[in-house]
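First up is the structure itself, then whatever we jot down about it.
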Amino acid sequence: QVEVVESGGGLVQPGGSLTLSCAAPRRIFGNYAMGWYRQAPGKQRELVAVIGVGSTTKYGDSVKGRFTISRHNTDNTAYLQMNNLTPEDTAVYYCNFGYYISMADSPLGSWGQGTQVTVSS
């Protein structure tokens, strides 16, 4: 059973911006870190950004300075603001939850369908 729902993907030109959303039940959102991952064609899924319950964040090297992860407790939603997008950011983006220190290797949730982000002119 998939507990989170991703949305917000689409087609954007290089240099453009997109914001992804991840909605989760309160019992999950209030107790776990939230993370964004991506998988490009022919590549392994990688962790893009994580935000802890206390809003501590960390980012993958390829997105530092361009992407911002946030969490809004009022609507149990995590966001990924993506700026200055490049074709290399093209991938399916997934959301998951778990313990902050192990999100890279061991998120706790099932994988959903994700949301496609395509960066192309």
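Looking only at region 78-91, decide whether some residue is modelled with pLDDT under 95, of a type outside the set (A, V, I, L, M, F, W, C), farther than 17 Å from residue 2 by Cα and over 14 Å from the mean Cα position of the chain (by Cα).
Of the residues in region 78-91, the ones modelled with pLDDT under 95 are none.
Taking every residue of region 78-91 in turn, none turns out to be modelled with pLDDT under 95, of a type outside the set (A, V, I, L, M, F, W, C), farther than 17 Å from residue 2 by Cα and over 14 Å from the mean Cα position of the chain (by Cα).
Of all residue pairs spaced 6 or more apart or on separate chains, those with beta-carbon atoms under 9 Å, a first member in region 37-48 that is closer than 17 Å to residue 95 by Cβ and a second member that is among the aromatic types (Phe, Trp, Tyr) and in a loop (DSSP other than H, G, I, E, B) are 37/111; 45/111. For residue 41, the test of being open to solvent by 50 Å² or more (accessible area, probe 1.4 Å) and either at pLDDT below 95 or in a strand (DSSP E or B) (or both) is passed. Among the residues of region 14-28, those identified as free of Cβ contacts under 8 Å to residues at least 60 places away in the same chain and either crowded, with 21+ Cβ neighbours inside 10 Å or over 16 Å from the mean Cα position of the chain (by Cα) (or both) are 25, 26, 27. Restricting region 70-111 to residues that are crowded, with 19+ Cβ neighbours inside 10 Å and touching a Pro at 6+ places or on another chain (Cβ under 7 Å), the residue that is farthest from residue 121 (Cα to Cα) is 98.
Table: residues versus (1) in contact (Cβ under 8 Å) with a residue 24 or more places away in the chain; (2) outside any strand (DSSP E or B); (3) not aliphatic (A, V, I, L, M).
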position	(1), (2), (3)
58	no, no, yes
61	no, yes, yes
71	yes, no, yes
79	yes, no, yes
85	yes, yes, no
88	yes, yes, yes
97	yes, no, yes
108	yes, yes, no
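I want to confirm something. Restricting to region 55-69 and keeping residues that are more than 21 Å from residue 90 (Cα to Cα) and either within 14 Å of the chain's Cα centre (by Cα) or open to solvent by less than 70 Å² (accessible area, probe 1.4 Å) (or both), which single residue is modelled with the lowest pLDDT? So the residue we want is 55.
The values are calculated or read from the model by the stated rules, or taken from the named source; none is laboratory data. The structure displayed is predicted, hence computed values, not measured ones. A quick note on method: Cβ atoms are made from the backbone with ideal geometry, for glycine too, and the neighbour counts reach across all protein chains shown. Note: accessible area is taken over every heavy atom of the protein model, side chains too, but ligands, DNA and RNA are not part of it. Shrake-Rupley method; radii C 1.70, N 1.55, O 1.52, S 1.80 Å.
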